[in-house]
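Notes follow once the structure below has been shown.
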Amino acid sequence: MIRFFLIIALIFLFYSCSKKNEQIITKVQGDSLEEQMIEAYNSGVAALEKGDVLYATKKFNEAELLYPQSDWAPRSSLMAAYAYWTQAYYSNSINELKRFIKLYPKYKNLDYAYYLLAMNYYDSIIDEKKDLRPLIEAKKFFTLIVNKYPDSDYALDGKYKLELIQDILAAKEIYLARHYIKKEKWIAAINRLNTVVTKYETTIYIEEALHRLVEVYYLIGLENESKKFAKILGYNYQSSEWYEESYKVFNKDYSLIKKEKSENQKENKNKLLDRIRSLF
């Protein structure tokens, strides 16, 4: 019986020592991992400051993998995405950000992740006349920021960028409308111009779109429609150069009248100057 109890006691002793050793080893490994992670992160920052983006992103990803359960993991992932963006590696940055949003959906700086994602699409716009996808994606994420994070630091810039995107989209519609007018494809031109009037009425292209509608409808014989858009243009933008162009559509002598008026004003001005000179 004594031998039996000794064996049991010995087993218990070995088990206790084993557990303590495991705890010590785990603690040492944990400390070591955290140190390695911080070292990797700092190496990434140093490389980024020197402009070595690829090495920087490698170190940031390494830091995230070393200690994925720490607060440094999402920070490292964001830094990798930012590093890619700084040197125009937009596809890499977008992929990194999409992974980040999927892995860390409750992270405190999620608004920044969406903003950086929107900026990647916005900055990757090369020729909106050929490829609208980056523009549409940028618009989607800037709209998300404005709606979901209206009080964030990024909402104000998001609103500004959305206005610019609207201008670009309107410019594309106007560009296509002009092309169709030259080709005398009236219906296609009207459709593009109506898109500007209904979707992009706050842009700088609204006046030209209204004038082109006046012009096209007049050319195809629909004078009532032409006059309708001329009235809209006159009511809202009477001082606009496009209103003058629309006025010419209905008054062919407008240029001649304007020239005579200008000459009369010049003549009256000269007479006034002569009177003033005669006083001295």
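Filter region 202-216 down to the residues that are among the β-branched types (Val, Ile, Thr) and crowded, with 18+ Cβ neighbours inside 10 Å and list them by number.
Result: Thr203, Ile206, Val214, Val216.
Could you look through region 41-72, keep only residues that are assigned to a helix (DSSP H, G or I) and among the acidic types (Asp, Glu), and pick out the one that is farthest from the chain's Cα centre (by Cα)?
Only one residue fits best here, namely Glu62.
If I ask for residues that are assigned to a helix (DSSP H, G or I), surrounded by fewer than 24 Cβ atoms within 10 Å (Cβ to Cβ) and of a type in the set (Phe, Trp, Tyr), which ones from region 73-99 would you list?
Within region 73-99, Tyr82, Trp85, Tyr90 qualify.
List the residue pairs whose Cβ atoms are under 6 Å apart, where the first residue sits in region 45-61 and is aliphatic (A, V, I, L, M), the second is assigned to a loop (DSSP other than H, G, I, E, B), and the two are 6 or more positions apart or on different chains.
Matching pairs, first to second residue: Val53/Gln87.
Consider Ile165 carefully, then state whether it is of a type in the set (A, V, I, L, M), in contact with a helix residue (DSSP H, G or I) (Cβ under 8 Å, 6 or more places away or on another chain) and touching a residue at least 40 places away in the same chain (Cβ under 8 Å).
It is true that Ile165 is of a type in the set (A, V, I, L, M), in contact with a helix residue (DSSP H, G or I) (Cβ under 8 Å, 6 or more places away or on another chain) and touching a residue at least 40 places away in the same chain (Cβ under 8 Å).
If I filter region 122-151 down to residues being surrounded by fewer than 17 Cβ atoms within 10 Å (Cβ to Cβ), assigned to a helix (DSSP H, G or I) and among the β-branched types (Val, Ile, Thr), which single residue comes out as modelled with the highest pLDDT?
Thr143
Can you tell me how many residues within region 49-93 are more than 22 Å from Asp111 (Cβ to Cβ), among the hydrophobic types (A, V, I, L, M, F, W, C) and touching a helix residue (DSSP H, G or I) at 6+ places or on another chain (Cβ under 6 Å)?
Adding up the residues that qualify gives 4.
Looking at (1) touching an Asp or Glu at 6+ places or on another chain (Cβ under 9 Å); (2) buried (at least 16 other Cβ atoms within 10 Å of the Cβ); (3) over 21 Å from His179 (Cα atoms), which one does Glu225 not meet, given that it meets all the others?
In the conditions (1) touching an Asp or Glu at 6+ places or on another chain (Cβ under 9 Å); (2) buried (at least 16 other Cβ atoms within 10 Å of the Cβ); (3) over 21 Å from His179 (Cα atoms), Glu225 misses (1) alone.
Out of the residues in region 152-201 that are in a loop (DSSP other than H, G, I, E, B) and under 18 Å from the mean Cα position of the chain (by Cα), which is surrounded by the fewest Cβ atoms within 10 Å (Cβ to Cβ)?
Result: Asp153.
Looking only at region 223-243, which residues are in contact with a Phe, Trp or Tyr (Cβ under 9 Å, 6 or more places away or on another chain) and among the aromatic types (Phe, Trp, Tyr)?
Result: Phe229, Tyr237, Tyr243.
So for region 93-111 (the condition being in contact (Cβ under 8 Å) with a residue 12 or more places away in the chain, over 27 Å from Ala171 (Cα atoms) and among the small types (Gly, Ala, Ser)), does at least one residue qualify?
For region 93-111, residues in contact (Cβ under 8 Å) with a residue 12 or more places away in the chain, over 27 Å from Ala171 (Cα atoms) and among the small types (Gly, Ala, Ser): present.
The values are calculated or read from the model by the stated rules, or taken from the named source; none is laboratory data. This one's a predicted model, so the numbers in the text were calculated from it and none came from an experiment. No Cβ is skipped: glycine too gets one built from the backbone with ideal geometry, and neighbour counts run over all protein chains shown.
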